[in-house]
Every structure is written in C-alpha cells, then in structure tokens.
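**Student:** There's a structure below that I have some questions on.
The values are calculated or read from the model by the stated rules, or taken from the named source; none is laboratory data. Only a predicted model underlies this, so the values are computations on that prediction, with no experimental measurement involved. Methodologically, a virtual Cβ is constructed for each residue, glycine included, from the backbone with ideal geometry; neighbour enumeration extends over all protein chains shown.
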Amino acid sequence: MTDQPDPPTLAAERTHLAWRRTALGLAGGGIAAAHLLQEFFGLSAWSLAVAAVAVAVALAIVSARRHLSGTRLPPGGRLVAASTLGVVLIGISAVAFVLLHGV
C-alpha cells in the first residue's frame with residue numbers, strides 16, 4: 001500500500017457555492033419580505049431587509065475567505081445561527097403577511 005494523497009474533489013467548491021446561494025436567498029427573501037410588509041409596518045419593515053442583507057454579506061465573505069484559504073469547514077457557529085434566525089424571521093413575516101392581507 002502506498003501513501004498517496006487523496007484525489008482532489010470539488011466538495012469544497014460545492015460547499016462554497018451552496019453558502020453563496022444561501023446568502024443570495026437570504027438577502028432576496030429579506031428584501032421581498034420588507035417590500036410586502038411595508039404596507040403594515042411602514043419603514044420599520046426595512047430593518048428586516050437590512051438585517052438580512054447584513055447577515056448575507058457576512059455569510060458570503062466568511063465562505064469566500066474559507067474557500068480561498070483552503071479550509072474545508074463551512075461557516076459555523078454564530079453566523080449559521082444568525083442566518084437561520086434570518087430565514088425563520090422571513091418565514092414568520094411571510095405567514096404574517098398572508099394572514100393580515102387575506103391572500
């Protein structure tokens with residue numbers, strides 16, 4: 001048996017692209033939710049969009065840094081928790097819009 005290195009895979013690239021898609025979805029969802037909820041909450045609805053975009057930018061930056069440095073671990077800890085919270089808030093906002101708007 002020889003000690004050959006593992007063959008290169010595209011797993012790190014796929015993980016990086018998945019985090020980029022998550023960041024894009026979070027930013028887009030936050031902006032869409034704020035646009036729909038502006039009628040009910042006024043300009044304060046846009047604080048949701050600002051928070052979602054801020055978390056999305058942080059997620060994309062951390063993912064890009066880890067990808068470029070060769071670290072195989074995805075973004076973790078607080079950033080994943082913040083993005084999860086953002087997605088949950090957007091979901092709750094969507095449900096609130098449907099219930100309040102009567103669609």
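**Student:** For Leu10, all conditions in the list (1) surrounded by 10 or more Cβ atoms within 10 Å (Cβ to Cβ); (2) modelled with pLDDT of 75 or more hold save one; what is the number of the exception?
**Tutor:** With (1) surrounded by 10 or more Cβ atoms within 10 Å (Cβ to Cβ); (2) modelled with pLDDT of 75 or more applied to Leu10, the lone miss is (1).
**Student:** Are any of the residues in the stretch 14-28 at pLDDT below 85 and surrounded by fewer than 17 Cβ atoms within 10 Å (Cβ to Cβ)?
**Tutor:** Scanning the stretch 14-28, I find at least one residue that is at pLDDT below 85 and surrounded by fewer than 17 Cβ atoms within 10 Å (Cβ to Cβ), so the answer is yes.
**Student:** Please find, within the stretch 37-67, the residue that is nearest to His101 (Cα to Cα) out of those that are small (Gly, Ala, Ser) and crowded, with 16+ Cβ neighbours inside 10 Å.
**Tutor:** Ala45
**Student:** For the stretch 90-103: of the residues being over 12 Å from the mean Cα position of the chain (by Cα) and within 15 Å of Leu26 (Cβ to Cβ), which is modelled with the highest pLDDT?
**Tutor:** Restricting attention to the stretch 90-103, the residues satisfying the condition of being over 12 Å from the mean Cα position of the chain (by Cα) are 91-103.
From the residues that got through so far, the ones that are within 15 Å of Leu26 (Cβ to Cβ) too are 91-94.
Numbers: Gly91: 77, Ile92: 82, Ser93: 73, Ala94: 73.
Among them, the one singled out is Ile92.
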